[in-house]
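Before I ask anything, here is the structure I am working with.
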Amino acid sequence: MSIKKNLDEIRKHIPAACTLIAVSKTQPVERIREAYDCGQRIFGENRAQEMSAKFEALPKDIAWHMIGHLQTNKVKYIAPFVTLIHSIDSIKLLEEVDRQAAKLQRTIPCLLQVHIAEEDTKFGFSPDELSTLMASSFWQRPVKVAVKGLMGMATFTNDDQQVRREFKALKTLFDKLRATSLPPAVEMETLSMGMSGDYRVAIEEGSTMVRVGTAIFGARKTAHG
Ligand SMILES: *Cc1c(COP(=O)(O)O)cnc(C)c1O
């Protein structure tokens, strides 16, 4: 299957209210350009330096989303151009993104990653930690991060019912937070959930942003994704 055929097929299943992020981690720039030539303008990467190199090499109307675990010492590589960081998983990381954004006099949009998987290998805040973060003194001064919503990853399993249950839990949390009074820099408008294997279930459960790699580009050759 070609990238074009894959994209056409996936787009059929994505409603207008949901945004497709093409996950291009480990893919060479030529493959990304192929997707670009099919009209795709939003790409997701999980390594800061790789994303920065691709930003340099590719057209400037691409929106780059950081979707992978981000170390605080790598934030500086992407802060000047990143469009959305999906993977804020600690207050320490949020503080560093805020610091780098202030330096650049820009505001960086972020999502808070929530730990929803029943397996315990994924990063993210627990619902309790999220409540603690919302009540934190971090928000009491002007900040240069804009929290736009939540991101979550379901357990890697063939059990559709389990995946659905985890997405439902995240949507419930999202709606619950949206109904509470949030700090001025926080709003709940984006719910990033769903990958190649589960994006259709995620959309049924209320996803507004899906992150799809393998179903667009084929299987990744290297292990680091
Ligand atoms: C790699 C990755 C994806 C895409 O995974 P596929 O199964 O290839 O679609 C989505 N989200 C995150 C956080 C990832 O690391």
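Given the conditions (1) in a helix (DSSP H, G or I); (2) more than 16 Å from the ligand (Cβ to nearest atom), and given that Asp120 satisfies all but one, which numbered condition is not satisfied?
Failing condition for Asp120: (1).
Of the conditions (1) closer than 27 Å to His13 by Cα; (2) in contact with a Lys or Arg (Cβ under 9 Å, 6 or more places away or on another chain), Gln161 clears all except one; give me its number.
(2)
Residues are listed down the side, and each one gets a yes or a no for (1) among the β-branched types (Val, Ile, Thr); (2) under 23 Å from Arg41 (Cα atoms):
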{"position": "Lys176", "(1), (2)": "no, no"}
{"position": "Pro183", "(1), (2)": "no, no"}
{"position": "Val186", "(1), (2)": "yes, no"}
{"position": "Gly194", "(1), (2)": "no, yes"}
{"position": "Ile203", "(1), (2)": "yes, yes"}
{"position": "Gly206", "(1), (2)": "no, yes"}
{"position": "Arg211", "(1), (2)": "no, yes"}
{"position": "Ala215", "(1), (2)": "no, yes"}
{"position": "Ala219", "(1), (2)": "no, yes"}
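Residue check: is Lys148 under 25 Å from Phe81 (Cβ atoms), of a type in the set (Lys, Arg) and out of contact with any strand residue (DSSP E or B) (no Cβ under 6 Å at 6 or more places or on another chain)?
no
State all residues of the stretch 38-51 that are among the small types (Gly, Ala, Ser) and more than 14 Å from Gly68 (Cα to Cα); if no residue qualifies, say none.
Applying the first criterion (among the small types (Gly, Ala, Ser)) to the stretch 38-51 yields 39, 44, 48.
Once the filter is applied, which keeps residues that are among the small types (Gly, Ala, Ser) and more than 14 Å from Gly68 (Cα to Cα), the stretch 38-51 yields only Gly39.
Let me ask you something else. Could you name every one of the helices (runs of 4 or more DSSP H) located completely within the stretch 1-111 that has at least 3 residues being at pLDDT 95 or above, within 30 Å of Ser137 (Cα to Cα) and more than 13 Å from the ligand (Cβ to nearest atom)?
Result: 75-78, 91-104.
Can you tell me how many residues within the stretch 157-194 are within 19 Å of Arg211 (Cα to Cα) and β-branched (Val, Ile, Thr)?
3
Right, next: List the residue pairs whose Cβ atoms are under 6 Å apart, where the first residue sits in the stretch 10-28 and is under 20 Å from His69 (Cα atoms), the second is near the ligand (Cβ under 9 Å from one of its atoms) and polar (S, T, N, Q), and the two are 6 or more positions apart or on different chains.
Lys25/Asn46
Still on this model: If you go through the stretch 99-122, how many residues are surrounded by 22 or more Cβ atoms within 10 Å (Cβ to Cβ) and not aliphatic (A, V, I, L, M)?
2
Also: Looking at (1) touching a residue at least 60 places away in the same chain (Cβ under 8 Å); (2) buried (at least 20 other Cβ atoms within 10 Å of the Cβ), which is the only condition Ala48 fails?
Of (1) touching a residue at least 60 places away in the same chain (Cβ under 8 Å); (2) buried (at least 20 other Cβ atoms within 10 Å of the Cβ), only one is false for Ala48: (1).
The values are calculated or read from the model by the stated rules, or taken from the named source; none is laboratory data. Here the structure is a predicted model, which means the values were calculated and not measured. Glycine gets a Cβ as well: all are built from the backbone with ideal geometry, and neighbour counts include every protein chain shown.
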